[in-house]
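What follows is one structure encoded as structure tokens, with my remarks underneath.
The values are calculated or read from the model by the stated rules, or taken from the named source; none is laboratory data. Small disclaimer: the values here were computed from a predicted structure and weren't measured. Methodologically, a virtual Cβ is constructed for each residue, glycine included, from the backbone with ideal geometry; neighbour enumeration extends over all protein chains shown.
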Protein chains: 2
Amino acid sequence: MKRPTIADIARRAGVSKGAVSYALNGQPGVSEATRKRILSIAEEIGFNANSAARALSGARARAVGLTLCRPARILGIEPWFMGLISGFEAELGARSYALTLQVVATPEQEVEVYRRWWGERRIDGVIVTDIREDDIRIPVLQQLQLPAVVIGGPGDTGPIAQIWSDDAGAITEAVRYLVALGHHKIARVSGVPDLLHTQNRTKAFQNVCAALGLDNAITIPADYTGEEGSRATRRLLIGGDRPTAIIYDNDVMAVAGLAVAQEMGLSVPGDLSIVAWDDSPLCSLVHPPLTALSRDISAYGAQAALELLNAIDGKTVGNVEAGRVHLTPRGSTAPPR
Amino acid sequence: MKRPTIADIARRAGVSKGAVSYALNGQPGVSEATRKRILSIAEEIGFNANSAARALSGARARAVGLTLCRPARILGIEPWFMGLISGFEAELGARSYALTLQVVATPEQEVEVYRRWWGERRIDGVIVTDIREDDIRIPVLQQLQLPAVVIGGPGDTGPIAQIWSDDAGAITEAVRYLVALGHHKIARVSGVPDLLHTQNRTKAFQNVCAALGLDNAITIPADYTGEEGSRATRRLLIGGDRPTAIIYDNDVMAVAGLAVAQEMGLSVPGDLSIVAWDDSPLCSLVHPPLTALSRDISAYGAQAALELLNAIDGKTVGNVEAGRVHLTPRGSTAPPR
DNA sequence: TCCCACAACTTACCCGGTTCAGTGATGCGG
DNA sequence: CCGCATCACTGAACCGGGTAAGTTGTGGGA
């Protein structure tokens, strides 16, 4: 099947290619009557502008890129990324921007992908996740002048806009809630320690515990996988002075921790209270359902996409904080016995 | 920063644009010495061919499309799609093909997206998942002559290649295993009934149960979500003649089923054995870990991508069966009390 | 010595939009 | 009634690669 082009429309309408282009793009230069005629012909023959031709003539590629730098076995089970992606799509789809995805193994590969995408003019901007301290991607993005939005932070990303959620406030709320229930020995199993938001959470956790006079408030670093979550939980529970509550940096590790506790014959929440970060169906699926720090990941993604589109349009975008995180109490938390 | 073009290379090498194009694409028409010189200059200045220009001049867009038509809350937690995507990337990335993603709400929207992508020349082919009986996407893909590969089946997709896994064999194995353990009352909680592979599984389940003389082998339709999984499980367990084993069409529903059983005071596997379809970290995360029908989803995706790339290259591709599904016994299955 | 084949290029046009510099036609003020 | 601005549109150049057709230059065979 042959694809219709603006030349076809021009022929049918008895005008030049240029006039068709003006009409389709809402530019001045054609009369209202002609514009309507052209638009109805375009509609009739099912015209879609060739994205390559459009991108070539200096316009946008109408696509944004996202690299995912986590092992496949985590990507699959972590609701986080898919939630984010659905959010992006809500905004991108509305403007018929495409989302281009690439799974990579290392930050170095991410940089390579950015360079290639830029060279190929394949995308107009990128969404950057899993930001680290002194992230190597930031200077590259600046050098290439590639519009970008960073998810996570706050941290130093120069002129590149950031979106983050109030992790410090959230963990403070969780700790206060556990203390209010009567807990004094609270531990935390964190995500990958290099990530900026992990560091922010760890700092906030230490601060609130110090402020409330909790000692023994340790953070065990893990990597978001169930295996590491189990291992960290076992380490915490076999110690002599075991915690009565554990906060996990994601839902997968929290579920793994729950399984370890049950395996060791501990009752949840009787012997151990559990709080998960990021509420997903996973948390309400298990028994008992997990108390979680909820946030609207999809809305978070939508906001990030919107910021990126603004950045692509040359509008200056500032750093913004996404919608609030709130504690959703469920069956996994209770006063300690 | 200005992006280097073949004209820049041509100037530096003292040859014409045409010669550079031949050299970069491995075409005959330049001497080995010149080719090497051109390639080294390209390397040196970090040249990447503008994908728009390339796509415009009749060549490929070097991108394939994937539409996801499931509600966001399932996409997030189902390891299936992300596993598939990682698999695609393994093959696509190696050939620097991009993967373009679009989340949609209905099959009608999927058709629209296919049409738009085709009109925009944005992609060279699509990967079709969640195939239904008389799927409306198939005739459209044929009409547009858009290269495609269908994941799921077998079923009637005309000239479009399919990849499926041996669902019938897998469920037969699972039922035989449960019968060998001593179970006689086996039920199944299925995925969305419209999907072709659900129907294939249901048929195979009925066949094997009939062959083994099991009556009462009912299938309750659900939709892959934890909520529906819980509901179906409750329906099965409150009945007078309750099953001693349940097979679930995905891992999420199986985990939900486990939670329902525990909530009702039933012991797993003592009172109820559970088998999950598709093994993911989720299955080994819970307590007890779930016996599962495992398959290498990532390899499945990689094979699908490879078939699609072949189809794009004009090679005729046949229907293929992906790697075997095998039963992984874990703690959730045992002889009934 | 001449002719031909062939390698090694160059030239020029194509893809399909975007955009800028024209070109008539029209309207309007003085 | 003239001059000028404005509108509605045309024509052509352009983006950056791909590629068919044309042009050299060289060597070999007769």
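Which of the residues belonging to region A:45-76 are within 16 Å of DNA strand D (Cβ to nearest atom) and in a loop (DSSP other than H, G, I, E, B)?
Answer for region A:45-76, where residues must be within 16 Å of DNA strand D (Cβ to nearest atom) and in a loop (DSSP other than H, G, I, E, B): A:A49, A:N50, A:S57, A:G58, A:A59, A:R60, A:A61, A:R62.
Among the residues of region A:95-112, are any of a type in the set (G, A, S), over 21 Å from the mean Cα position of the chain (by Cα) and within 18 Å of B:A63 (Cα to Cα)?
no
With of a type outside the set (S, T, N, Q), buried (at least 19 other Cβ atoms within 10 Å of the Cβ) and away from chain B (no Cβ under 13 Å) as the only criterion, which of A:L327, A:L282, A:L258, A:L293 stands out?
Testing whether each residue is of a type outside the set (S, T, N, Q), buried (at least 19 other Cβ atoms within 10 Å of the Cβ) and away from chain B (no Cβ under 13 Å) leaves just A:L293.
Specify the residue that is surrounded by the fewest Cβ atoms within 10 Å (Cβ to Cβ); the eligible residues are those in region B:50-76 that are β-branched (V, I, T) and at pLDDT 90 or above. Even if it seems obvious, please write down each step before you answer.
Step one: of region B:50-76, the residues β-branched (V, I, T) are B:64, B:67, B:74.
Right, trim to at pLDDT 90 or above and you get B:64, B:67.
On the way: B:V64: 27, B:T67: 23.
Looking at the filtered set, the residue picked out is B:T67.
Anything in region B:14-36 that is of a type outside the set (F, W, Y), near DNA strand C (Cβ under 9 Å from one of its atoms) and either crowded, with 18+ Cβ neighbours inside 10 Å or part of a loop (DSSP other than H, G, I, E, B) (or both)? List them, or say none.
B:G14, B:V15, B:S16, B:A19, B:V20, B:S21, B:A23, B:P28, B:G29, B:V30, B:S31, B:R35
Going through region A:301-324 one residue at a time, which ones are surrounded by 18 or more Cβ atoms within 10 Å (Cβ to Cβ) and modelled with pLDDT under 90?
If the condition is that a residue be surrounded by 18 or more Cβ atoms within 10 Å (Cβ to Cβ) and modelled with pLDDT under 90, then A:V317, A:A322 are the ones that fit.
Do we have B:L272 as within 14 Å of another protein chain (Cβ to nearest Cβ), more than 24 Å from B:I74 (Cβ to Cβ) and modelled with pLDDT of 95 or more here?
yes
Would it be correct to say that A:A174 is aliphatic (A, V, I, L, M), closer than 29 Å to B:V286 by Cβ and crowded, with 22+ Cβ neighbours inside 10 Å?
Here the answer is yes, as A:A174 does meet what is asked.
Go through region B:77-94 and count every residue that is more than 23 Å from B:D249 (Cα to Cα) and among the polar types (S, T, N, Q).
Number satisfying all stated conditions: 0.
Tally the residues that are free of Cβ contacts under 8 Å to residues at least 60 places away in the same chain and touching a His at 6+ places or on another chain (Cβ under 9 Å), restricting the search to region A:287-315.
The qualifying residues number 1.
How many residues are within 14 Å of chain A (Cβ to nearest Cβ), within 24 Å of B:Y97 (Cβ to Cβ) and more than 8 Å from DNA strand D (Cβ to nearest atom) when one looks only at region B:10-44?
Result for region B:10-44: 2.
Of A:I151, A:I127, A:I171, A:I123, which residue is touching a Leu at 6+ places or on another chain (Cβ under 9 Å) and in the same structural domain as A:A232 (by TED's automatic domain parsing)?
On the way: A:I151 fails: in the same structural domain as A:A232 (by TED's automatic domain parsing); A:I127 fails: in the same structural domain as A:A232 (by TED's automatic domain parsing); A:I123 fails: in the same structural domain as A:A232 (by TED's automatic domain parsing).
A:I171 is the lone residue from the list that is touching a Leu at 6+ places or on another chain (Cβ under 9 Å) and in the same structural domain as A:A232 (by TED's automatic domain parsing).
Mind checking which residues of region A:1-13 are within 11 Å of DNA strand C (Cβ to nearest atom), over 41 Å from the mean Cα position of the chain (by Cα) and of a type in the set (A, V, I, L, M, F, W, C)?
Within region A:1-13, A:A7, A:I9, A:A10 qualify.
Does at least one position in region A:227-246 carry a residue that is within 20 Å of the chain's Cα centre (by Cα) and at pLDDT 95 or above?
Taking every residue of region A:227-246 in turn, none turns out to be within 20 Å of the chain's Cα centre (by Cα) and at pLDDT 95 or above.
With the condition kept exactly as written, say whether any residue in region A:164-172 is touching a Pro at 6+ places or on another chain (Cβ under 8 Å) and more than 23 Å from A:V320 (Cβ to Cβ). Working first, answer last.
Step one: filter region A:164-172 for residues touching a Pro at 6+ places or on another chain (Cβ under 8 Å), giving A:164.
Of the ones still in play, those that are also more than 23 Å from A:V320 (Cβ to Cβ) are none.
No: region A:164-172 contains no residue that is touching a Pro at 6+ places or on another chain (Cβ under 8 Å) and more than 23 Å from A:V320 (Cβ to Cβ).
Is there a residue in region B:275-285 that is of a type in the set (V, I, T) and within 20 Å of A:L258 (Cβ to Cβ)?
Taking every residue of region B:275-285 in turn, none turns out to be of a type in the set (V, I, T) and within 20 Å of A:L258 (Cβ to Cβ).
Here is a check on your reading of the model: is B:S86 in contact (Cβ under 8 Å) with a residue 24 or more places away in the chain, among the polar types (S, T, N, Q) and within 27 Å of B:S21 (Cβ to Cβ)? Walk me through how you get there before you give the answer.
On the way: in contact (Cβ under 8 Å) with a residue 24 or more places away in the chain: yes; among the polar types (S, T, N, Q): yes; within 27 Å of B:S21 (Cβ to Cβ): no.
The answer is no for B:S86.
For B:F47, all conditions in the list (1) surrounded by fewer than 18 Cβ atoms within 10 Å (Cβ to Cβ); (2) away from DNA strand C (no atom under 16 Å from the Cβ); (3) more than 30 Å from B:A254 (Cβ to Cβ) hold save one; what is the number of the exception?
(1)
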